[in-house]
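Undergrad: Have a look at this one before I ask anything.
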Amino acid sequence: MSEYKNLTAKQMADGVKCGELSAVELTKEAINLAKTEGKELNAFITICEEKALKQAAAVDALVKKGTSSPSQPLAGVPVAIKDNISYTDYATTCASHILDGYIPPYDATCVKNLIDAGAIIIGKTNMDEFAMGSSNENSFYGPVKNPVNHELVPGGSSGGSTAAVAQKIVPIAFGSETGGSVRQPAALCGVFGLKPTYGGISRYGLVAFASSTDQIAPLARTAEDIALAYQVAAGRDENDSTSVTFDHPLYSEKLATDKKFKIGIPKEYFAEGLNDEVKQIVEEAIKLLEKNGHTFKEISLPMTNRAIAVYYIITSAEASSNLARFDGVKYGLREAGDKDLTTMYSTTRDSGFGAEVKRRIMLGTYVLSAGYYEAYYRKASKVRELIRLDFEKAFNEVDLIISPTSPTPAFKLGEKIDDPLTMYLSDIYTASASLAGNPGISVPFGKTKDGLPIGVQFLAPWFNELSLFQISNILQKSAS
Ligand code: GLN
């Protein structure tokens with residue numbers, strides 16, 4: 001199927017529903033690419049061939065019977081999911097040695113929604129261990145390569161899902177976001193990545209890292225496809241009490257608009273540490289949008305320089321608690337099982353977790369410990385509220401905020417791995433919105449002199465994903 005790589009998810013689903021394309025053929029093509037080009041990039045941990053082919057045959061059978069309906073907006077579309085999203089019959093590893101052999105007993109709600117929509121889950125993608133990282137180098141299964149240049153990182157932690165979309169193995173993939181893990185790799189690989197409003201997509205079945213900011217998050221190559229992916233996955237779920245009842249419109253059908261947006265440029269996001277070429281390209285996007293009648297205004301988000309510190313205190317605290325469950329008893333790996341219980345716990349955790357995960361658990365345990373709780377965790381929680389208020393104030397004045405997604409283009413494999421603080425700065429423009437719960441999108445726009453993709457980020461008020469899709473569509477259309 002020579003045209004496979006050029007088809008969007010929307011075109012695939014339309015083709016399958018009218019009988020012009022076969023879900024089984026699309027699935028075979030995606031699996032073949034995952035096994036060849038995906039292997040080269042190390043993008044997949046597991047390929048779900050058997051179940052995928054069965055799902056695809058079921059979709060084709062529905063079409064034949066004439067019973068496939070608009071309720072299957074992703075009929076026959078091959079989709080990949082990050083390996084921290086539970087999917088029965090296959091391992092969910094979180095790219096960690098500690099989950100060796102663990103097979104989840106239930107499907108994540110997002111997976112259920114995808115399958116109901118006709119999507120075909122073709123594989124589980126590589127990632128930073130437990131979603132901790134910005135380069136995908138913290139994986140027990142080895143790093144993922146950036147499809148644009150194999151010596152560079154794809155970003156992280158959803159590096160595998162992002163590489164699979166950028167390499168056109170699948171038109172849509174799902175990753176997860178705690179502080180930028182979909183937006184940042186999307187920027188580094190040149191695709192669209194959405195961090196939904198906190199509570200937009202159910203977290204049921206997503207292995208927890210930091211529950212107060214974790215969100216399942218889609219990636220795609222067009223504004224329409226990412227809107228489609230979100231509308232299928234989103235919605236209230238009684239298995240996740242933090243998912244919100246919200247009337248989600250059919251986003252993908254509402255992309256066209258005459259609306260002129262008022263957009264804020266936060267001065268703190270264009271300050272020291274921002275790569276010159278990235279800055280220039282974001283400024284070009286601003287000029288292009290201005291030409292199209294959108295207006296811009298400088299705004300201030302004064303708490304920006306506190307975001308990284310607050311983010312790493314709060315998310316590490318939550319991680320230390322969430323990861324306490326991996327003790328060799330209920331899940332995956334068990335070491336020294338013939339010794340006493342305490343030895344079993346500690347040897348399992350010692351050999352099961354990688355260095356970055358251990359660093360976060362130690363940091364998190366420290367900031368929650370008696371005597372330090374007030375000084376670190378509590379204080380960080382108060383500053384988090386101030387960060388939220390920054391956005392609330394800004395969105396009284398503007399509809400959207402524009403910024404770079406990442407301070408730099410893709411960097412070399414190995415370049416930052418021994419310097420955690422520099423690595424943490426990759427999240428400087430994404431972490432604030434995660435702490436505040438606001439939605440954000442990274443839109444591929446422009447390239448550096450060396451041909452590396454750049455992402456422009458838009459942030460919106462809670463549950464205003466529609467504006468994000470509309471502005472993405474406008475920018476995509478006016479750039480092409
Ligand atoms: N890079 C960030 C971290 O390491 C973000 C991770 C994420 O969003 N899952 O925590």
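The values are calculated or read from the model by the stated rules, or taken from the named source; none is laboratory data. Note that this is a predicted model, so its numbers are computed, not measured. Cβ coordinates were reconstructed from backbone atoms using ideal geometry, including for glycine residues, and neighbour counts include every protein chain displayed. Remember, those area values only see protein heavy atoms, side chains included, never the ligands or the DNA or RNA. Shrake-Rupley method; radii C 1.70, N 1.55, O 1.52, S 1.80 Å.
Undergrad: In Å and from the alpha-carbon atoms only, list the Rg and Dmax of the stretch 131-251.
TA: So, for the stretch 131-251, Rg and Dmax equal 14.0, 44 Å respectively.
Undergrad: Taking 25 °C and 0.890 mPa s as the conditions, I'd like the Stokes-Einstein D for the stretch 34-161 in µm²/s, using the Kirkwood hydrodynamic radius from alpha carbon pairs.
TA: Here the translational diffusion coefficient equals 162 µm²/s.
Undergrad: Moving on to the next point. Less than 26 Å apart at the alpha-carbon level, and either on another chain or at least 8 residues along: which lysines does that give for LYS412?
TA: Hits, sequence-local ones excluded: LYS35, LYS39, LYS82, LYS124, LYS145, LYS168, LYS195, LYS279, LYS358, LYS447, LYS449.
Undergrad: Enumerate the helices in the chain for which the Kyte-Doolittle hydropathy averages 1.6 or more and the C-alpha atoms extend at least 30 Å along the helix's axis, using complete DSSP H runs.
TA: Passing helices, by number: none.
Undergrad: Mark the label point 7 Å from the Cα of ASP276 along Cα→Cβ and return the residues of the stretch 441-478 whose backbone N is within less than 15 Å of it.
TA: The answer is 448-450.
Undergrad: Right, something else. What is the mean projected area of the alpha carbon convex hull for the chain, to one decimal in square nanometres?
TA: The orientation-averaged projected area of the Cα hull of the chain comes to 21.8 nm².
Undergrad: Taking a cut-off of 14 Å, what percent of all Cα-Cα pairs in the stretch 189-231 are separated by more than that?
TA: The proportion of pairs with Cα distances above 14 Å equals 49 percent.
Undergrad: Write down, largest first, the equivalent ellipsoid semi-axes of the stretch 315-383 in whole Å, where each equals the square root of 5 times an eigenvalue of the alpha-carbon gyration tensor.
TA: They are 28, 11, 9 Å, listed largest first.
Undergrad: Relative to the present Cα-Cα distance, how much length would full extension add between ALA355 and SER71 at 0.36 nm per residue of separation?
TA: Full-extension gain reported as 97.8 nm.
Undergrad: Just the accessible area for HIS97, please: 1.4 Å probe, Å², rounded to the nearest 10?
TA: It works out to around 40 Å².
Undergrad: Between LYS412 and GLU284, what is the label-to-label distance in nm when each label sits 7 Å out along the Cα-to-Cβ direction?
TA: 2.6
Undergrad: Okay, moving on. For the stretch 1-125, what relative contact order do you get, as a whole percent, if you take Cα pairs closer than 8 Å and at least 6 residues apart?
TA: For the stretch 1-125, the relative contact order is 32 percent.
Undergrad: Around VAL383, with a cut-off of 13 angstrom between Cβ atoms, what is the net charge of the other residues, counting Lys and Arg +1 and Asp and Glu -1?
TA: Summing Lys/Arg as +1 and Asp/Glu as -1 gives +4.
Undergrad: In the stretch 1-101, which trypsin sites (Lys or Arg not before Pro) fall in coil by DSSP and have 10 or fewer other Cβ atoms within 10 Å? Could the numbers behind the result be given before it?
TA: Working: sites: LYS5, LYS10, LYS17, LYS28, LYS35, LYS39, LYS51, LYS54, LYS64, LYS65, LYS82; in loops: none.
In loop regions of the stretch 1-101 (DSSP not H, G, I, E or B), there are no sparsely surrounded trypsin sites (Lys or Arg not before Pro).
Undergrad: Whenever you get a sec, compute what percent of the accessible area on the chain sits on carbon and sulfur atoms (1.4 Å probe). Before the final figure, lay out the partial values.
TA: Details: 9390 of 18250 Å².
About 51 percent, which is the carbon plus sulfur part of the accessible surface.
Undergrad: Now for a separate question. Sorted by average packing, counted as other Cβ atoms within 10 angstrom per residue and highest first, what order do 333-340, 344-351, 468-475 take?
TA: Working: 333-340: 13.4, 344-351: 17.0, 468-475: 24.4.
My ranking of the peptides, most packed first, is 468-475, 344-351, 333-340.
Undergrad: Could you order LEU288, LEU219 so the one with the most accessible surface comes first? Probe is 1.4 Å.
TA: LEU288, LEU219
Undergrad: At 4 °C and 1.567 mPa s, grab the translational diffusion coefficient of the stretch 324-474 from Stokes-Einstein with a Kirkwood Rh over Cα pairs, rounded to a whole number in µm² per second.
TA: 68
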